[in-house]
Amino acid sequence: MKYVIMFTSTPELDAAVPPERAQEVYTRVYEWFGEHDAKISDGGAELQPVDTATTVTHGAGGPVVADGPFSEAKEVVGGFSVLDVADLDEAIAIVRTWPMLDLPGNSVEIRPMVTDYSQFEQ
């Protein structure tokens, strides 16, 4: 089963982490990707900061383009990857070891991917 995992954080809390601590955790992040390489079905991607985002949304006169994220949330998605594992329990077991969870304001959202589109065929 494939799951998208989205790495989220709170920018204000990230900024408060001492540089030495941040470096130590990032070192563990690189190790984490190596350790779980067999279960990660893509290379993943770290995203640029949220202030570089552009959002296109529905508008009465057509699509509306705005600078920044559309979400009202305080957390931002900083990256994502795809896990190919047996089930949600295995995905959770892997995600529980994500090194950034040692820092406040970090979380990982796990969502199953749609891989069978046959239900949409006519």
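Reported to the nearest whole Å, the Cα centre-to-centre distance from the range 79-99 to the range 5-76 is 17. Taking other C-beta atoms within 10 Å as the exposure proxy, R96, R21 rank R96, R21 from fewest upward.
Using the Cα gyration tensor of the range 1-66, with a ≥ b ≥ c the square roots of its eigenvalues, what is the shape: rounded (a/c below 1.5), prolate (a/b larger than b/c) or oblate (neither)? Judged from the Cα gyration tensor, the range 1-66 comes out oblate (a/c at least 1.5, b/c at or above a/b).
Available extension along the chain between Q48 and L88 is 11.6 nm, counting 0.36 nm per residue and deducting the alpha carbon span.
Among I92, I5, the order by Cβ neighbours within 10 angstrom, fewest to most, reads I92, I5.
Any read-out appearing in this document is the output of simple, stated calculations on the displayed coordinates, not a laboratory observation. Note that this is a predicted model, so its numbers are computed, not measured. Note: ideal-geometry Cβ built from the backbone for every residue, glycine included; neighbour counts use all protein chains shown.
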